[in-house]
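Trainee: The structure follows.
Computed from the coordinates by the stated procedures, all read-outs in this text should not be read as laboratory data. All values reported here derive from a predicted model rather than from experimental measurement. Here the Cβ is made from the backbone with ideal geometry for all residues, glycine too, and neighbour counts use every protein chain on show.
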């Protein structure tokens, strides 16, 4: 996979060199922030905290530096790549997405397109900003935090659009590989809320108190691995009505064989996602619901984790100001073979964010995120099962 | 003598009958359902019953592409008129339309101008760029003898309209698609003529470029 991804990155990097500068568009995002983190040890440090920052840290942090390039190779063929630097990632530079899209023009209501490479499956209604950021909050919902952490379509996706007068329909289908470990974080650690999508060459830290760990901490999951040789897929439908909004449905199945291993086990994960978006004057309402399961069967001993999450976001666009509020609910339920212990979770989160856009190139966002979570796994750390995490951030985001 | 008088009266009647009706201006204020002025609305005027030649509209028109935006956003084209598309940007554009009134597509290199596209069918032609999805513009191919656009204050002025009764219609890109244009009867007389139109418009985000949002 690494070799494939490296080739894609090199191709994306070299492609613009043969183009006129006008056919290459570069965006950049620099994000520095002040953070007041909750006391619980964060997941990036092997803890069970729910927020991106933990350990009671108070101070400045570099959110990310991203470069996003788009090259128009032919009128119908474009290439896109998003490279990022973030202090905690495994390599100095990493790639979040890199793909090519072929979309011939159509003079009928039907239009088709195809893209291939590495990209997010079309789940999130929040992450419509430059570099897969949200324009409403710093921290995406639990659903889209997980999408960023564990999912990437490394494969191909076809999209057919029917563009009617009053309504539009979209149907999409994709084949994907190298996403076999997806699901392990939900089962072993539970839902989290963080705006740090994982790079193609990065790894995710599992909780030090994970039940299945035979290794010593720190224990990592490499999310983009092909373990069983099976091809995963997803398919989706979206309906959009002019002036009313959008409704999207997606089913995802990585088709992984939960008993397969290459040193790291595959997790068979499938889920349904439904999302809706509407706008009433300057107010936008987004909602998503996800329900699914992940299975893992080392040596024939199957364990099963159901997961579900939902959120509703209300955003108010006031010109240079944006105000957003979101409530999240999330849960997992684990079942182990033979009455073994599996950990379940139930939690809620409330997010309020205020963004000021004084110029074209500067965004200042203040966000307060409060999460309540009940997860017995914390007992292994000598902590109460229930926890409250509150994280405050003020981010200064420069756009180029 | 009596015959001469009758002749003069008859001639006068003939001259009066043959003389064109006095022409006036009609000022139309277009608002949305909340009373806010609506810019870029098309207002058309068609005489009731009989055909009439209106104020000539330019038959050769141009749509420019500047800063990845079609300029103008809405343009009126008389049926049978033509539009040339110009690319003033430093990047390629792939101009297209799949509107039933006229479907076409072509790639325009920076600085290039297309051959004129002729519009034989009345109706709305939505235009897009297959490379830059945010680019959109509308051509209103008009059958009516009088048609004009509202300004930023939602005001449209139809000049040189003969005194008579007309069917007045209005359209806007955010008018509910698939619905007939609202029509109302107006009578143009001597002096100041004013009319108002209220349009039910769909909600839509601002067309202004938002740097926060992905442009891909």
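Trainee: Could you rank the peptides B:194-201, A:326-333, A:272-279 by their average count of other C-beta atoms within 10 Å per residue, with the highest value first?
Mentor: Details: B:194-201: 16.5, A:326-333: 21.0, A:272-279: 18.6.
Top to bottom by mean Cβ count within 10 Å: A:326-333, A:272-279, B:194-201.
Trainee: For each of A:290, B:135, count neighbouring Cβ atoms within 10 Å of the residue's Cβ, then give the residues from fewest to most. Show your work: numbers first, answer last.
Mentor: Values: A:290 24, B:135 19.
By the 10 Å Cβ count, ascending: B:135, A:290.
Trainee: Identify which of A:82, A:379, A:268 has the largest mean-square fluctuation in a Gaussian network model of chain A, with springs joining Cα atoms closer than 10 Å.
Mentor: Per the Cα network of chain A with a 10 Å cutoff, A:379 tops the list.
Trainee: Direction-averaged shadow area of the convex hull around the Cα atoms of the stretch A:304-356, nm²?
Mentor: On the way: hull surface 16.5 nm².
Mean shadow area of the hull around the Cα atoms is 4.1 nm².
Trainee: Of A:180, A:57, A:94, which is the most mobile in a GNM of chain A whose springs link Cα atoms less than 10 angstrom apart?
Mentor: Result for chain A, Cα springs under 10 Å: A:57 fluctuates most.
Trainee: Okay, next question. Hey, what did the stretch A:146-258 get for relative contact order, percent, Cα under 8 Å, at least 6 apart? Walk me through the intermediate numbers first.
Mentor: Working: 207 pairs, mean separation 34.4, N = 113.
Here the relative contact order equals 30 percent.
Trainee: What is the mean number of Cβ atoms from other protein chains located within 10 Å of the Cβ atom of each residue in peptide B:92-102, rounded to a whole number?
Mentor: Values: counts 6, 1, 7, 1, 4, 1, 8, 3, 2, 0, 1.
What the average comes to for B:92-102 is 3.
Trainee: Would you mind giving the mean number of other chain beta-carbons within 10 Å of the Cβ of each residue in A:101-111, as a whole number? Walk me through the intermediate numbers first.
Mentor: Values: counts 1, 0, 4, 3, 11, 5, 8, 2, 3, 1, 3.
That works out to 4 on average.
Trainee: At 222 nm, what value in deg cm²/dmol follows for the protein assembly as shown if DSSP H runs of at least 4 each add -39500 (n - 2.57) and the sum is divided by all its residues, to the nearest 500?
Mentor: Counting only the DSSP helices, I get -2000 deg cm²/dmol.
Trainee: Which of these, A:63, A:232, A:319, has the largest mean-square fluctuation under a Gaussian network model of chain A (Cα springs below 10 Å)?
Mentor: Highest fluctuation among the options: A:319.
Trainee: What is the packing order of peptides A:150-159, B:179-188, B:59-68, taking the mean over residues of other C-beta atoms within 10 Å and listing the highest first? List each step's numbers first, then the result.
Mentor: Details: A:150-159: 22.0, B:179-188: 13.8, B:59-68: 15.5.
Result, highest mean Cβ count within 10 Å first: A:150-159, B:59-68, B:179-188.
Trainee: How are the Cα pair distances of the stretch A:272-318 distributed, in percent, across 10 Å bins from 0?
Mentor: 23, 30, 21, 15, 8, 3
Trainee: Using Cα-Cα distances under 8 Å and only pairs 6 or more residues apart, what relative contact order does the stretch B:37-173 have, in percent? Please report the intermediate quantities before stating the final value.
Mentor: Working: 327 pairs, mean separation 50.6, N = 137.
This gives 37 percent for the stretch B:37-173.
Trainee: Also: Measure out, as a whole number of angstrom, how far apart the alpha-carbon centroids of the stretch A:141-202 and the stretch A:73-119 sit.
Mentor: If we compute the Cα centre of each part, the gap is 14 Å.
Trainee: Peptide A:193-202: average number of partner chain Cβ atoms within 10 Å per residue? Could the numbers behind the result be given before it?
Mentor: On the way: counts 0, 0, 0, 0, 0, 0, 0, 0, 0, 0.
Counting Cβ atoms of other protein chains within 10 Å of each residue's Cβ and averaging gives 0.
Trainee: Moving on to the next point. Against the 2.2 N^0.38 Å scaling, with N counting residues, where does the stretch B:57-216 land? I'd like the Cα-based Rg ratio to two decimal places. Don't jump to the answer; show the numbers that get you there.
Mentor: Numbers: Rg = 17.3 Å, N = 160, 2.2 N^0.38 = 15.1 Å.
This ratio for the stretch B:57-216 stands at 1.14.
Trainee: Here is a further query. In a solvent-free Debye calculation with one equal scatterer on each Cα, what is log10 I(q)/I(0) for the stretch A:154-270 at q = 0.21 Å⁻¹, listed in the order of the q values?
Mentor: Values returned for q = 0.21 Å⁻¹ are -1.16.
Trainee: Fewest to most neighbouring Cβ within 10 Å: what's the order for A:191, A:233, A:321?
Mentor: Working: A:191 27, A:233 18, A:321 12.
Ascending number of Cβ neighbours within 10 Å: A:321, A:233, A:191.
Trainee: So for the protein assembly as shown, what percent of the C-alpha to C-alpha distances run longer than 44 Å?
Mentor: Details: 60450 of 189420 pairs.
When all Cα pairs of the protein assembly as shown are counted, 32 percent exceed 44 Å.
Trainee: List B:150, A:192 from most exposed to least, where exposure is judged by having the fewest other Cβ atoms within 10 Å.
Mentor: Values: B:150 24, A:192 27.
Final ranking by Cβ density, sparse to dense: B:150, A:192.
Trainee: Relative contact order for chain A: what is it in percent, counting Cα pairs under 8 Å that are at least 6 residues apart? Present the calculation step by step, with values, prior to reporting the outcome.
Mentor: Values: 1102 pairs, mean separation 55.4, N = 400.
So the answer I get is 14 percent.
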